[in-house]
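Below is one structure, written out as structure tokens; the observations come after it.
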Amino acid sequence: MLVLGIESSCDETGVALYHTERGLLAHALHSQVAMHAEYGGVVPELASRDHIRRVLPLTRQVLKEAGCTLQDIEGIAYTEGPGLAGALLVGASIAAALAFALKVPTVGVHHLEGHLLAPLLEDNPPAFPFVALLVSGGHSQLMEVTGIGQYTTLGDTLDDAAGEAFDKTAKLLGLGYPGGPALSKLALRGTPGRFKLPRPMLNSGDLNFSFSGLKTAVLTLANQHRNDAQELDEQTRADICLAFQDAIVEVLSKKAVAALRQTGLSRLVVAGGVGANKQLREGLSHAAAKKRFEVFYPKLEFCTDNGAMIAFAGAMRLRREGRRTMNFPIKPRWDLAQLDAPD
Ligand code: ATP
Ligand code: MG
Ligand code: FE
């Protein structure tokens, strides 16, 4: 079955073609980062309008790359939620219109299920069951995954998500938006051990996270080192970046290991944008070698938002859940643990 996947939950338009026997045939992405950068964050109305401009050209592009035509599409998956309502509506309505014209079924995909299943697109996919560390711009969760749609929340963030903490910290250090990649790049030049920031909730005895205090600790530290012109010198900024990243990576790694211990599982999947962080990957690989568990990641480009993960998750559900109606529900807020298995 050839499935077209459309992702439009936030500020990236992603489109992909996934074939249930032949695998991923093509994918394309347009990031709106440059457009939103001057506002310091995503402007929802601008995001929706840009998705409208991008979805069909990207669809033509992936069809061409895969050597397929519109008529070859047998099902359409779109991101149903969670996300920005207007942005979700663009993907949902285009999916519904295309499906009506092509007489094929549609399925709405949970964006986080997309992130969580993205490592299954790799050549050496993890077998079920596994623990998933889902760390993105809007979520930080540890989930026990026993099969597709069978998700139990083990831990969640009480305030900011990990990606959000990266972005907000980067912003207060003047690194622009979105700050995660910029912050981790600057951290490479940081002096190890110059600053030590708190490890929030490390010893809380549960699998929850809290990152907003860390951001405040960075603000206090930065204010202590500003010069008369209220600026930070480049080395101090790099040193703060490194201290911040050390703290967040240690908390994420130790809680992920605790989740494996609690569930008795030996496979860890890391998904979501923060999963692209090199230091987090190194920390987890180190822990995996020491504590004898396996760790699986998506390709770097499939850590952040993309159409391939939506096409894949949709393909897993279309056969049983495909709809042939003109309605196109969206769910701007949607708990991952509420999903059911496809069978
Ligand atoms: P959600 O998936 O929760 O709805 P989102 O779709 O905005 O949120 P993603 O696209 O999964 O989130 O990831 C984007 C986030 O990942 C941003 O917060 C960004 O700063 C962060 N990020 C991306 N690359 C890195 C990196 N190398 N290091 C740290 N953070 C990163
Ligand atoms: Mg994004
Ligand atoms: Fe995402």
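Every number in this text was worked out from the coordinates using simple rules, so none of it is lab data. The model shown is predicted, which means the values in this text are computed figures rather than measured ones. Every residue, glycine among them, receives a Cβ derived from its backbone with ideal geometry; neighbour counts consider all protein chains shown.
Scalar couplings 3J(HN,Hα) for the range 186-195, obtained by applying the Karplus form with A = 6.51, B = -1.76, C = 1.60 to θ = phi - 60°, are 5, 4, 4, 9, x, 8, x, x, 5, 10 Hz; x denotes Gly and Pro.
Translational diffusion of the range 248-343 was estimated from the Stokes-Einstein equation, with Rh taken as the Kirkwood radius over Cα pairs; at 25 °C and 0.890 mPa s the coefficient is 155 µm²/s.
What the Cβ-Cβ distance of Lys103 and Glu294 gives, at R0 = 51 Å and to the nearest 0.05, is a FRET efficiency of 0.75. Taken along the Cα-to-beta-carbon direction at a fixed 7 Å, the label points for Lys185 and Gln262 span 3.6 nm.
Calculate the length of the line joining the C-alpha centroid of the range 83-135 to that of the range 208-252, in whole Å. Each part reduced to its Cα centre gives a spacing of 35 Å. Charge dipole (Cα centre; +1 on Lys/Arg Cβ, -1 on Asp/Glu Cβ; no other charges) of the range 12-80 amounts to roughly 220 debye.
Ordering of 271-277, 79-85, 332-338 by packing is 271-277, 79-85, 332-338, highest average first (other Cβ atoms within 10 Å, averaged per residue).
Under 5 Å from the amide H of Val295 lie the amide H atoms of Leu268, each residue being 5 or more positions distant or on a separate chain, with H modelled from the backbone and absent for Pro and chain starts.
Sorting the segments 64-71, 160-167 by their residues' average number of neighbouring beta-carbon atoms within 10 angstrom, most packed first, yields 160-167, 64-71. Computed from Cα atoms, the angle from the helix 162-172 axis to the main principal axis of the chain rounds to 60 degrees. Applying 1/(1 + (r/R0)^6) with r as the Cβ-Cβ distance of Ala229 and Leu172 and R0 = 22 angstrom yields a FRET efficiency of 0.85.
Among 96-102, 110-116, how do they line up from the highest to the lowest mean number of other beta-carbon atoms within 10 Å? Display every interim value, and only then the final one.
Working: 96-102: 16.4, 110-116: 27.1.
Descending mean neighbour count gives 110-116, 96-102.
Helical runs assigned H by DSSP (4 residues or longer) give the chain a calculated mean residue ellipticity at 222 nm of -13500 deg cm²/dmol, each run adding -39500 (n - 2.57) before division by the residue total.
Among the listed pairs Lys168/Lys331; Lys196/Lys255; Lys185/Lys290, give every one whose C-alpha distance is greater than 21 Å. Where the Cα-Cα span goes over 21 Å, the pairs concerned are Lys168/Lys331; Lys185/Lys290.
When you work out D = kT/(6 pi eta Rh) for the range 286-325 at 4 °C and 1.567 mPa s, using the Kirkwood radius from C-alpha pairs as Rh and the Stokes-Einstein form, the result is 100 µm²/s.
For the range 130-206, taking the reciprocal of the average inverse distance between every pair of different Cα atoms yields a Kirkwood hydrodynamic radius of 14.4 Å.
Full-extension gain between Arg49 and Glu250, please, as 0.36 nm times their residue separation minus the C-alpha to C-alpha distance.
68.4 nm
Computed over the alpha carbons of the range 221-278, Rg followed by Dmax gives 16.9, 54 Å.
According to the Cα-based calculation, Rg over Rh for the chain is 0.99, with Rh computed by the Kirkwood formula. Please report the antiparallel percentage of the DSSP beta bridges confined to the range 128-297, to the nearest 5. DSSP beta bridges in the range 128-297 are roughly 60 percent antiparallel. Evaluating 6.51 cos²θ - 1.76 cosθ + 1.60 at θ = phi - 60° for every residue in the range 315-326, the Karplus couplings come out as 4, 5, 10, 4, 4, 9, 10, x, 9, 10, 10, 8 Hz, glycine and proline recorded as x.
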